[in-house]
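**Student:** If you scroll down you'll find the structure; I have some questions about it.
Please treat every number below as a calculation from the coordinates, not as lab data. Keep in mind the model is a prediction, meaning the values are calculated, not measured. With ideal geometry, Cβ positions are generated from the backbone for all residues, glycine too; neighbour counts draw on all protein chains shown.
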């Protein structure tokens, strides 16, 4: 069945470092892809999304490009801040389906 | 900006008791969902709801679970007789159409003792 695999954490970076969190997926058809972020003590917030191949989603300095050839949707940010410390979830949703499939989550800690 | 809200934020209950978790989806959304996240594990789909009936459910969503839209705004998840393994964070979500972006609430943390 459809699934998402993302890089295991935790990831610890210094402020202003470059971030990559890898995400690959398995799905029939062409799903929409998402990154959600969960800040400490809070719920899931949509960070960015892409709905078709080669689309780039971006928000708050984060970017991810939908790569059909490698079935990937890696999350990147050029310069992380302490406030980016959170758990990041990669997820997919097929257009004719209701259940989102989530990766296991990657905990990011950014140190000053 | 419209958002999904959930109450309560935390609930502690005894094993065997019934609990009702409440959600208010975004007002013009038509599809509603419940997910759960056991501590340290993946977010898992439980059920989706459209047009006043369940449209999909996972294996987790057994006879102990039920969902209801009792009025025009609330969407509830009932667990009839809670078990220790029901302890988790429960997220409600809504979307405008099937397959579109799902917007999540802040979650209800349920602890079954």
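**Student:** Could you check which residue among A:61, A:78, A:41 shows the biggest mean-square fluctuation in a GNM of chain A with a 10 Å Cα cutoff?
**Tutor:** Of the options given, A:41 has the highest mean-square fluctuation.
**Student:** Given points 7 Å out from each Cα along the Cα-Cβ axis, report the residue B:62 to residue A:83 separation in nanometres with one decimal.
**Tutor:** Between residue B:62 and residue A:83, the label points sit 4.5 nm apart.
**Student:** Just tell me how shielded A:2-13 is by partners: mean number of partner chain Cβ atoms within 10 Å of each residue's Cβ, no decimals. Working shown, then result.
**Tutor:** Values: counts 0, 1, 1, 0, 0, 0, 0, 0, 0, 0, 0, 0.
Taking the mean over all residues of the peptide, I get 0.
**Student:** Additional query: Note the full-extension length gain between residue B:84 and residue B:10 as 0.36 nm times their separation in residues minus their Cα-Cα distance, in nm to one decimal. Intermediate results must be reported in sequence, preceding the final value.
**Tutor:** Values: separation 74, 0.36 × 74 = 26.64 nm, distance 1.56 nm.
Between residue B:84 and residue B:10, full extension yields 25.1 nm more.
**Student:** Distance from the Cα centre of segment A:1-60 to that of segment B:1-52, in angstrom?
**Tutor:** After rounding, the separation between the Cα centres reads 22 Å.
**Student:** Roughly what % of DSSP beta bridges within chain A run antiparallel, to the nearest 5?
**Tutor:** On the way: 34 of 38 bridges.
Bridges in chain A that DSSP calls antiparallel: roughly 90 percent.
**Student:** Here's something else I'd like to know. At R0 = 41 Å, how high is the FRET efficiency between residue B:54 and residue A:16 if r is their beta carbon distance? Nearest 0.05 is fine.
**Tutor:** 0.30
**Student:** Put a dot 7 Å past each Cα toward the Cβ at residue A:39 and residue B:73; how far apart are the dots in nm?
**Tutor:** Rounded to a tenth, the inter-label distance reads 2.5 nm.
**Student:** Please compute the average number of Cβ atoms from other chains found within 10 Å of each residue's Cβ in peptide B:96-108. Intermediate values should be presented prior to the final figure.
**Tutor:** Details: counts 0, 1, 6, 10, 5, 7, 9, 4, 7, 2, 6, 5, 1.
That works out to 5 on average.
**Student:** If you take the beta carbon distance between residue A:46 and residue A:67 as r and set R0 to 30 Å, what does 1/(1 + (r/R0)^6) give as a FRET efficiency, to the nearest 0.05? Provide the component values of the computation, followed by the final result.
**Tutor:** On the way: r = 20 Å, r/R0 = 0.67.
Taking R0 as 30 Å, the efficiency between residue A:46 and residue A:67 is 0.90.
**Student:** Roughly what would the spin-label model give for residue A:53 and residue B:22, points 7 Å off Cα along C-beta, in nm?
**Tutor:** Spacing of the two 7 Å Cα→Cβ label points: 4.8 nm.
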